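These notes are about the structure you will find just below.
The values are calculated or read from the model by the stated rules, or taken from the named source; none is laboratory data. What you see is a predicted model, and the numbers here were worked out from it, not measured in a lab. Reconstructed Cβ throughout: ideal geometry from the backbone, glycine too, with neighbour counts over all protein chains shown.
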Amino acid sequence: MKAKILVLTCDGGGGHKSAGDSLLEILSPFHEVQIVNAIDTILEPLDWFKRLSFGKITGESCYNWLLRNQLGALLKFYIFSGKRHMHVRKKKIARIFCRYLDSLIAPPQLIISTIPFINHGLLLAAKQRNIPYLLLPTDLDIKMFLNGFNNISRADLGTFKLALAYERPEMMIKIFEESQLELDDVIYSGFPIRPACQVCYGSEDIALLKQQHGMVTDHHTITLVMGAVGGMTIVEHAKEISRLGALIHGKKLQANICVGKNKKSQERLLDWIVEQGGTILSRKEHVTTAMSKEGVLLHIRGFTNELISIFACSDLVISKTGSCTVNEALYLGKKLLLDNTPQSTARFIFWEEFNIWFVKRHKLGSAFSSSKQLRALIPYMLKMQDPPSPPFCLPDFQTNIKNIVRNLLSTGCFSESVQDEASLYQEKSQ
């Protein structure tokens with residue numbers, strides 16, 4: 001019989017959903033995995049936005065709206081007040097979560113949390129119900145995930161593990177500053193990336209992927225992706241990319257401009273290209289290809305589930321400062337240029353500011369504070385032929401998370417079923 005695992009996610013940023021999808025893909029062959037939005041579903045009684053708006057607005061939708069509209073001062077206040085609110089209401093969070101667990105036909109045998117702010121209360125409930133708890137941060141700066149942990153004694157933890165992405169001193173210092181956790185409470189899982197990020201792509205694989213995505217195989221390839229939050233800035237960045245010369249270091253240039261579901265940005269960019277003397281070469285359902293006046297080939301892409309394979313085709317990834325994109329590019333061995341313009345979320349979200357420091361500190365790429373800097377930085381970064389090599393190992397998340405889950409299940413009250421699942425792991429790996 002498969003063990004039941006409850007994975008807690010939220011909608012406050014794409015990284016949490018990506019982590020949930022990754023866990024589902026990796027663990028579902030061996031366990032019964034249930035993905036639940038803890039903020040919107042379980043803790044709905046604490047959502048005053050939803051109550052006052054009769055369900056039209058939620059706390060998470062408000063957070064995402066502030067992000068999209070880059071209202072930095074309000075967002076900082078929202079984060080600060082949310083942090084305090086969740087800490088003060090930790091006992092109520094525990095009661096609500098206990099009621100939720102009791103309402104399930106079959107309780108989970110393991111809880112995995114990928115969300116910040118509320119883990120103190122959730123952990124209290126997990127301990128009361130004797131359920132192992134794995135905290136899997138989706139940011140490199142894990143301060144928000146340890147909200148309230150400085151008031152938790154080791155005896156109050158129950159069966160608990162904190163899974164860190166990498167074994168780095170700067171991460172361990174954060175833990176000891178923000179909690180009373182001990183070294184034995186910390187394990188290293190790797191970042192919760194999708195399995196496709198751990199595939200080794202050879203030159204023939206990359207050439208085939210380029211053909212599948214409508215790219216030219218012998219061009220320099222850069223990918224610009226800003227997510228839903230970057231809709232207002234991606235057009236300005238794309239304009240600067242389109243102004244680059246047709247030849248860079250003897251090779252032509254093509255760029256993937258990933259606008260996602262932001263059709264307004266796509267139309268604005270296409271109108272601008274035509275006004276400047278460029279040409280629209282083709283229109284398909286999810287991608288429009290154009291040539292700028294300067295000769296840069298632009299693939300303007302709508303929403304796609306193939307972003308990892310597009311990254312794999314790229315010589316350089318230009319991105320917002322979110323941890324998910326940063327670590328996907330890191331595992332794929334791609335050079336990074338991070339957006340640190342005045343509109344960047346790194347200017348008002350401290351855990352994304354940490355990502356810029358991390359990338360620069362370990363020579364994985366750089367950042368730009370103005371769109372105009374791209375015309376100098378892109379040729380310079382493309383000249384650096386070797387992929388970045390981090391001065392630390394990249395843990396095998398796919399293998400590690402399976403082993404971590406098995407070990408946690410074996411410490412609970414469900415070790416008999418774990419013995420049966422051990423054979424499943426062996427069969428699947430053969």
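What tally of residues in region 309-325 results from selecting those that are under 22 Å from Ser265 (Cβ atoms) and part of a helix (DSSP H, G or I)?
Counting residues in region 309-325 that are under 22 Å from Ser265 (Cβ atoms) and part of a helix (DSSP H, G or I) gives 4.
What are the pairs, 6+ residues apart or on separate chains, where a residue within region 137-148 that is free of Cβ contacts under 8 Å to residues at least 60 places away in the same chain has its Cβ under 6 Å from a residue that is assigned to a helix (DSSP H, G or I) and hydrophobic (A, V, I, L, M, F, W, C)?
The qualifying pairs are Pro137/Phe145.
Just the residues that are in contact with a helix residue (DSSP H, G or I) (Cβ under 8 Å, 6 or more places away or on another chain) and either hydrophobic (A, V, I, L, M, F, W, C) or modelled with pLDDT under 90 (or both), please, taken from region 155-169. Write out each step before concluding.
Within region 155-169, the subset in contact with a helix residue (DSSP H, G or I) (Cβ under 8 Å, 6 or more places away or on another chain) is 156-165.
Of everything in region 155-169, those that are in contact with a helix residue (DSSP H, G or I) (Cβ under 8 Å, 6 or more places away or on another chain) and either hydrophobic (A, V, I, L, M, F, W, C) or modelled with pLDDT under 90 (or both) turn out to be Asp156, Leu157, Gly158, Phe160, Leu162, Ala163, Leu164, Ala165.
For Ala73, are the conditions met, namely being loosely packed, with under 15 Cβ neighbours inside 10 Å and in contact (Cβ under 8 Å) with a residue 12 or more places away in the chain?
For Ala73, the condition - loosely packed, with under 15 Cβ neighbours inside 10 Å and in contact (Cβ under 8 Å) with a residue 12 or more places away in the chain - is met.
Checking Tyr201 against (1) part of a helix (DSSP H, G or I); (2) closer than 30 Å to Asn305 by Cβ; (3) out of contact with any Phe, Trp or Tyr (no Cβ under 6 Å at 6 or more places or on another chain), only one condition comes out false. Which one?
(1)
Since Phe176 meets every condition but one in (1) of a type in the set (Phe, Trp, Tyr); (2) at pLDDT 90 or above; (3) farther than 22 Å from Val88 by Cβ, which condition does it not meet?
For Phe176, the failing item is (2).
All but one of (1) part of a loop (DSSP other than H, G, I, E, B); (2) buried (at least 18 other Cβ atoms within 10 Å of the Cβ) hold for Asp218; state the number of the condition that does not hold.
(2)
Only one of Gly295, Gly302 is more than 16 Å from Leu253 (Cα to Cα) and in contact (Cβ under 8 Å) with a residue 40 or more places away in the chain. Can you tell me which?
Details: Gly295 fails: more than 16 Å from Leu253 (Cα to Cα).
Going through Gly295, Gly302 in turn, the sole match is Gly302.
For region 256-296, give me each residue that is over 20 Å from His213 (Cα atoms), surrounded by fewer than 21 Cβ atoms within 10 Å (Cβ to Cβ) and out of contact with any Phe, Trp or Tyr (no Cβ under 9 Å at 6 or more places or on another chain).
Residues satisfying the conditions are Lys264, Glu267, Arg268, Asp271, Trp272, Val274, Glu275, Gln276, Gly277, Lys293, Glu294.
Every residue, every condition in (1) in contact with an Asp or Glu (Cβ under 8 Å, 6 or more places away or on another chain); (2) farther than 30 Å from Val359 by Cα, yes or no:
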residue: Ile96; (1), (2): no, yes
residue: Ser113; (1), (2): no, no
residue: Pro132; (1), (2): no, yes
residue: Lys143; (1), (2): yes, no
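Note down all Cβ pairs under 7 Å where the first residue falls in region 49-68 and is at negative phi and surrounded by 15 or more Cβ atoms within 10 Å (Cβ to Cβ), the second is hydrophobic (A, V, I, L, M, F, W, C) and in a loop (DSSP other than H, G, I, E, B), and they're at least six residues apart or on different chains.
From region 49-68, the pairs are Phe49/Ile57; Lys50/Ile57; Glu60/Cys10.
So, in region 366-383, how many residues would count as being outside any helix (DSSP H, G or I), in contact with a Leu (Cβ under 9 Å, 6 or more places away or on another chain) and loosely packed, with under 15 Cβ neighbours inside 10 Å? First the steps, then the outcome.
Kept after step one, since they are outside any helix (DSSP H, G or I), are these residues of region 366-383: 366-370.
Those still in the list that are in contact with a Leu (Cβ under 9 Å, 6 or more places away or on another chain) too: 366-368.
Among the residues that remain, those that are also loosely packed, with under 15 Cβ neighbours inside 10 Å are: none.
Matching residues across region 366-383 total 0.
Need the failing condition index for Phe80 against (1) within 22 Å of the chain's Cα centre (by Cα); (2) under 23 Å from Glu178 (Cα atoms); (3) touching a residue at least 12 places away in the same chain (Cβ under 8 Å), just the number.
Every condition holds for Phe80 apart from (3).
Just a yes or no: is a residue in region 390-406 modelled with pLDDT under 85 and surrounded by 14 or more Cβ atoms within 10 Å (Cβ to Cβ)?
Within region 390-406 (the criterion being modelled with pLDDT under 85 and surrounded by 14 or more Cβ atoms within 10 Å (Cβ to Cβ)), the answer is yes, since at least one residue qualifies.
Please go through (1) under 30 Å from Ser309 (Cβ atoms); (2) touching a residue at least 60 places away in the same chain (Cβ under 8 Å) for Met171 and return the number of the only condition it doesn't satisfy.
Checking Met171 against (1) under 30 Å from Ser309 (Cβ atoms); (2) touching a residue at least 60 places away in the same chain (Cβ under 8 Å), the one that fails is (2).
Pull out all pairs, ordered by first then second residue, where Cβ-Cβ is under 9 Å, the residues are six or more apart or on different chains, the first lies in region 375-395 and is within 28 Å of Glu236 (Cβ to Cβ) and of a type in the set (Lys, Arg), and the second is surrounded by 11 or more Cβ atoms within 10 Å (Cβ to Cβ) and at pLDDT 80 or above.
If the second residue must be surrounded by 11 or more Cβ atoms within 10 Å (Cβ to Cβ) and at pLDDT 80 or above, the pairs left are Arg375/Glu240; Arg375/Ile241; Arg375/Arg243; Arg375/Leu244; Lys383/Ile248.
So which helices (runs of 4 or more DSSP H) stay within region 34-147 end to end and still have 1 or more residues that are under 17 Å from Leu8 (Cα atoms) and of a type in the set (S, T, N, Q)? Spell out how you get there, then give the answer.
Working: elements: 48-52, 59-68, 72-88, 90-103, 119-128.
Filter on region 34-147 gives 90-103, 119-128.
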